[in-house]
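Note sheet for the following structure.
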Amino acid sequence: MAKPILVANWKNHPSSLKEAADLLTTLSRRSMLYKKLSLYIAPPYTYFESVSKRIKGFANLASQDVFFSADGPHTGSVTPDILKSFGVKLAIIGHSERRALGETNEVVATKLKTAFIAGIVPLLCIGETSRDDEGNHLQFIQDQLKFSLEGIRRKEDAEKLIIAYEPVWAIGKRASEAMSPTDLAEMVIFIKKALTDIFGRDAADVIPVLYGGSVDGSNAEPLYKETGIRGFLVGRASLKSKEFCEIAEALISS
Ligand code: PGA
């Protein structure tokens, strides 16, 4: 059976390379646990060199974005060839914090294509900003999937894709405000159906769906158990070694 997937989204933290190194030293003490997972760590770009050396053997390097063009001059951007030269295996694409800066589904679709061509696994983030009683969020999710995956139809691409469902209203909150396991299970079925409409049943079946949004040691197990997700995309708790370890243990034991 495929290993559970755990992605640490460090965002713009920790605030120094020294703190990042200390965190990785602590994590590496539990390398046997982390080896049971497909673990990806997405640090700020400036920490790439140091992080890639320190996680060898128990985790893979990931990026928090990928620039949508593979070549040409692009001041201030990090193109896939640079990511690959550091050994990046997976790229978070379309995170809600980037969408809030103006990244559209169209841009996200271009970034996904660029990642596929470069051989970097794209982790496509989707998630509604709010919910209402009419269920408009379902249409929103369906559209986000449809338009973010525009032009991607090859079965071999679909089979490399990973989806992270991260409702924006649940990000950066307390664990008690994260999604409930029952609602998550329903949403995973909905996402799988939307993926089936796009790629067909066989391909949709193998696309892993992760959950993100206020996951910590206290809610990881109920969120993982029987909801149909294959793992987590974790923000704040990925910077706390004990909390992160508890999440990893929940993925192994459930
Ligand atoms: P959080 O962030 O775990 O701190 O809620 C998740 C994310 O933004 O990916």
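The numbers here are math on the coordinates, done by the rules we state, and not lab data. Everything quoted here is computed from the prediction, not taken from an experiment. Here the Cβ positions follow ideal geometry from the backbone for every residue, glycine too, while neighbour counts run over all protein chains shown.
Structural remarks
- Single residue of Asp132, Asp157, Asp143 found to be touching a residue at least 40 places away in the same chain (Cβ under 8 Å), acidic (Asp, Glu) and out of contact with any Cys (no Cβ under 7 Å at 6 or more places or on another chain): Asp157
- Single unsatisfied condition, Asp22 versus (1) part of a helix (DSSP H, G or I); (2) surrounded by 15 or more Cβ atoms within 10 Å (Cβ to Cβ): (2)
- Filter result for Gly212 (within 11 Å of the ligand (Cβ to nearest atom) and either surrounded by fewer than 18 Cβ atoms within 10 Å (Cβ to Cβ) or without any contact (Cβ under 8 Å) to a residue 60 or more places away in the chain (or both)): no
- Selected residue (criterion: surrounded by the fewest Cβ atoms within 10 Å (Cβ to Cβ)) from residues of segment 160-181 that are small (Gly, Ala, Ser) and within 11 Å of the ligand (Cβ to nearest atom): Gly172
- Odd one out for Ala91, checked against (1) more than 13 Å from the chain's Cα centre (by Cα); (2) on the phi < 0 side of the Ramachandran plot: (1)
- Against the test of being assigned to a helix (DSSP H, G or I), under 17 Å from Ala59 (Cβ atoms) and more than 16 Å from the ligand (Cβ to nearest atom), the options Glu249, Glu186, Glu243 yield a single qualifying residue, Glu249.
- Residue among Leu23, Leu6 that alone is closer than 25 Å to Ile163 by Cα and of a type in the set (A, V, I, L, M): Leu6
- Segment 229-240 - residue that is part of a loop (DSSP other than H, G, I, E, B) and either among the hydrophobic types (A, V, I, L, M, F, W, C) or touching a strand residue (DSSP E or B) at 6+ places or on another chain (Cβ under 7 Å) (or both) and, of those, nearest to Leu39 (Cα to Cα): Arg230
- Test set (1) surrounded by 18 or more Cβ atoms within 10 Å (Cβ to Cβ); (2) in contact with a Lys or Arg (Cβ under 9 Å, 6 or more places away or on another chain); (3) not in a strand (DSSP E or B) - Asp202 fails condition number: (1)
- In this entry, Leu90 is excluded by the filter for residues that are within 16 Å of the ligand (Cβ to nearest atom), surrounded by fewer than 16 Cβ atoms within 10 Å (Cβ to Cβ) and either over 23 Å from Ile229 (Cβ atoms) or hydrophobic (A, V, I, L, M, F, W, C) (or both).
- Residue count for segment 119-141, restricted to those that are within 18 Å of the chain's Cα centre (by Cα) and more than 19 Å from Leu233 (Cβ to Cβ): 1
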